[in-house]
Amino acid sequence: MPTEAAVARPASTILLLRKGKSAIEVFMMVRHYQIEFASGALVFPGGSVDPGDRDIVGDPALCDADGSDAATLQFRVAAIRETFEESGILLARPRGAQDLIAASRAAAIADAHRVSLCEGKTSFREILASNELIPAVDRLAHYAHWITPEGQPKRFDTHFFLAKAPPEQVGTHDGRESTDSIWVSPQEALDGGQSGRFILPFPTTRNLIKLAKQPGVEAALEDARRSRVVTVMPVVTKDGDKRRLRIPAEAGYDGELFDVPAR
């Protein structure tokens, strides 16, 4: 009997952007080598949507809908939570305010709660409520949507977002799921993937190539907000010892058919 296909788990990823000396820089982390998924890879902060994210979306005191439906908002809240867990950067604002919280306050909240959150001893909802904060879901621009190909044992239905990093929130890896973190230009990350300095997953490479075409942070955000996101679920084929992935040309990446290393 054919094996039942693994269900793709809802997940979110953020490309945190800041202005570099000569190009956009994006915050990236090296996944711990003992992590089951993408071990040792250079990736953007992100992870699975969890029930707590849906609870936040369902509480008007904790989440401003911003004209979005609950299904959309849960991905945005998850992206903000995962970013806080994995980098310490907090995309949130005081209830009733327009500006994001000050970097000093974000750092104090991270010092007080980040480890407990990562260990499951507190929830993001409790952190928001006790500090009278709401996640800044409006600061995220929808950038991409990738679904792991069928046939893989572990699959994700991942929405990618762009966000401008809050001033003076530098970010640092958590030392648990990630062992290092850097602010890097897209081209430097791609060059590192070519040289072997970095391990880059296929979707990460494609999104870095796409991002590298942008002249600056604001231009990247504006382009994402006006562009239509096309869902990408690569189709895997084999030609002898070659493994190929086909993605939709209309998704706006750097091609349609790619040779990738056999596994």
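The values are calculated or read from the model by the stated rules, or taken from the named source; none is laboratory data. Remember, it's a predicted structure, so these values are computed and weren't measured experimentally. Cβ sites come from the backbone with ideal geometry, for glycine too, and all protein chains shown count toward neighbours. Just so you know, the surface numbers come from the protein's heavy atoms only, side chains and all, with ligands and any DNA or RNA stripped out. Shrake-Rupley method; radii C 1.70, N 1.55, O 1.52, S 1.80 Å.
Considering each residue of region 181-202 in turn, at least one proves to be without any contact (Cβ under 8 Å) to a residue 40 or more places away in the chain and basic (Lys, Arg).
Looking only at residues of region 15-69 that are of a type in the set (Lys, Arg) and at pLDDT 90 or above, we find that the one that is farthest from residue 83 (Cα to Cα) is 19.
Restricting region 62-90 to residues that are among the polar types (S, T, N, Q) and out of contact with any Lys or Arg (no Cβ under 7 Å at 6 or more places or on another chain), the residue that is most open to solvent (accessible area, probe 1.4 Å) is 72.
Applying the condition of being open to solvent by 10 Å² or more (accessible area, probe 1.4 Å) and in a strand (DSSP E or B) to region 41-61 and asking which residue is nearest to residue 141 (Cα to Cα) yields 46. Among the residues making up region 232-250, those that are open to solvent by less than 70 Å² (accessible area, probe 1.4 Å) and free of Cβ contacts under 8 Å to residues at least 60 places away in the same chain are 237, 243, 244, 247, 248, 249.
Residue selection: residue 153 satisfies the criterion of being open to solvent by 30 Å² or more (accessible area, probe 1.4 Å), of a type outside the set (Gly, Ala, Ser) and farther than 23 Å from residue 210 by Cβ. When region 108-128 is filtered for residues that are out of contact with any Gly (no Cβ under 6 Å at 6 or more places or on another chain) and either open to solvent by 50 Å² or more (accessible area, probe 1.4 Å) or assigned to a loop (DSSP other than H, G, I, E, B) (or both), the ones remaining, listed by number, are 108, 111, 112, 113, 115, 119, 120, 121, 122, 126. No other residue among 243, 226 is charged (D, E, K, R) and modelled with pLDDT of 90 or more apart from 226.
Regarding region 178-188, can at least one residue be identified that is at pLDDT below 95, out of contact with any strand residue (DSSP E or B) (no Cβ under 8 Å at 6 or more places or on another chain) and buried (at least 21 other Cβ atoms within 10 Å of the Cβ)? The answer is no, given that none of the residues of region 178-188 is at pLDDT below 95, out of contact with any strand residue (DSSP E or B) (no Cβ under 8 Å at 6 or more places or on another chain) and buried (at least 21 other Cβ atoms within 10 Å of the Cβ). Beta carbons closer than 7 Å, at least 6 apart along the sequence or on distinct chains, pair a first residue in region 213-225 that is more than 16 Å from residue 160 (Cα to Cα) with a second that is assigned to a helix (DSSP H, G or I) for 214/220; 214/223.
For (1) under 24 Å from residue 9 (Cβ atoms); (2) of a type outside the set (Asp, Glu); (3) over 19 Å from the mean Cα position of the chain (by Cα), each residue gets a yes or a no:
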residue	(1), (2), (3)
71	yes, yes, no
104	no, yes, yes
119	yes, no, yes
128	yes, yes, yes
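Consider residue 86 carefully, then state whether it is in a helix (DSSP H, G or I) and of a type in the set (Asp, Glu). Taking the combined requirement at face value, the residue satisfies it.
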